[in-house]
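Q: I am attaching a structure below and will ask some questions about it afterwards.
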Amino acid sequence: MTIDYQADAVDPGELDEDPILELGKWYEMARGSGDMLPEAMSLATVSSGGVPSVRIVLMRGFDARGVEFFTSYDSPKAADMQVNPKVSLAFHWKPLYRQIRIEGTAARLDPTESKIYWDTRPHGSRLAAIVSTQSAPVDTWEELANQVTVLEKEYPEGSDVPLPDTWGGFRVAPTRFEFWLSRPSRLHDRFQYDPVEGGWSITRLQP
Ligand SMILES: Cc1cc2nc3c(=O)[nH]c(=O)nc-3n(C[C@H](O)[C@H](O)[C@H](O)COP(=O)(O)O)c2cc1C
């Protein structure tokens, strides 16, 4: 069975000159689309040895400075970004038949900014982030759960849990965007934003 997925057409004249504002419009649409995790995005990094790696992270904010997510600073992805801060992001919103790709340069958030987000996280998630060395091997799940139980005595529910220096945010300062939407007969429509003096150029791309 062939399914001819398609999104509503986009009039190029209605695209915002600022891709971050266009991202905001599409993200709002995604939030209202029934997509269970509209903030989920793929993050691609490249290791010091040139090996690419991709995984899902949750977008936690965006503004003129870029797109933010939070993670472990001792994770493999953080090690990749330490040596090669050039990364790529992709949102795919299935109910909308739309995708946004972003290329950019990742930099750590200031710890004071990370602490503001850290304090909004559920208590258990903060303790779990402290005990976990992300992507390091572990023998049993209980091993980590026990460490959380021990930590709960030090930091009971409602207490201030300090931000560990092994955890925080990254902001991806964008250098290119591509907005993609599915159209009939796979004659898809794509709009690429590239930086130019004082703003962005928009180029329509073939499917
Ligand atoms: C829906 C979903 C959301 C996720 N969100 C995050 C996130 O916001 N931050 C994070 O560090 N990992 C998140 N993960 C886990 C990552 O995909 C990945 O497994 C983990 O960060 C380790 O990646 P690394 O070994 O490449 O550093 C998420 C996974 C899924 C499936």
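The values are calculated or read from the model by the stated rules, or taken from the named source; none is laboratory data. Given the structure is predicted, the values throughout are model-derived calculations rather than measurements. Neighbour counts are summed over all protein chains in view; Cβ atoms, including those assigned to glycine, are modelled from backbone coordinates with ideal geometry. With ligands, DNA and RNA removed, areas are computed over all heavy atoms of the protein, side chains included. Shrake-Rupley method; radii C 1.70, N 1.55, O 1.52, S 1.80 Å.
Q: Could you give the nm distance between label points at LEU21 and LEU187, where each point is 7 Å from its Cα heading toward the beta carbon?
A: Using points 7 Å along Cα→Cβ, the separation is 3.0 nm.
Q: Straight-line reach only, C-alpha to C-alpha below 18 angstrom: list the lysines that LYS86 could link to, leaving out same-chain residues fewer than 8 apart.
A: LYS77
Q: Using alpha carbon centroids, what distance separates the stretch 1-71 and the stretch 165-204, in Å?
A: When both Cα centres are located, 8 Å separates them.
Q: Straight-line reach from LYS153: which aspartates and glutamates fall under 19 Å, measuring Cα to Cα and dropping same-chain residues less than 8 apart?
A: Within reach: ASP119, GLU142, GLU143.
Q: How much area per residue is accessible in the stretch 63-207 when the probe is 1.4 Å and only protein heavy atoms are counted (Å²)?
A: Here the per-residue accessible area is 55 Å².
Q: Could you work out what % of the accessible surface of the stretch 64-207 is carbon and sulfur, using a 1.4 angstrom probe and leaving DNA, RNA and ligands out of the count?
A: On the stretch 64-207, the fraction of accessible area on carbon and sulfur atoms equals 53 percent.
Q: Could you give the dipole magnitude of the chain about its Cα centre, charging the beta-carbon of Lys and Arg +1 and that of Asp and Glu -1, in debye to the nearest 20?
A: Roughly 520 debye for the chain.
Q: For the stretch 40-57, just list the computed ³J(HN,Hα) in residue order, Karplus coefficients 6.51, -1.76 and 1.60, θ = phi - 60°, integers in Hz, with x standing in for Gly and Pro.
A: Along the stretch 40-57, the couplings run 6, 9, 7, 10, 9, 10, 10, 6, 4, x, x, 8, x, 8, 10, 7, 8, 9 Hz.
Q: Show me, for the stretch 186-193, the HN-Hα J-couplings you get by feeding each phi into the Karplus relation (A = 6.51, B = -1.76, C = 1.60, θ = phi - 60°), rounded to Hz, glycine and proline as x.
A: Rounded to whole hertz, the list is 6, 8, 5, 10, 9, 10, 9, 9.
Q: Moving on. State the percent of C-alpha pairs, over all pairs in the chain, separated by a distance greater than 23 angstrom.
A: When all Cα pairs of the chain are counted, 54 percent exceed 23 Å.
Q: How big is the charge dipole of the stretch 17-64 about its Cα centre, in debye rounded to the nearest 20, if each Lys and Arg gets +1 on its Cβ and each Asp and Glu gets -1 on its Cβ?
A: With Lys and Arg at +1 and Asp and Glu at -1, about 300 debye.
Q: Toward the positive end of the charge dipole of the stretch 1-127, about the Cα centre and with charges on Cβ (Lys, Arg +1; Asp, Glu -1), which of GLN82, LEU127, PRO12 goes farthest?
A: Value: LEU127.
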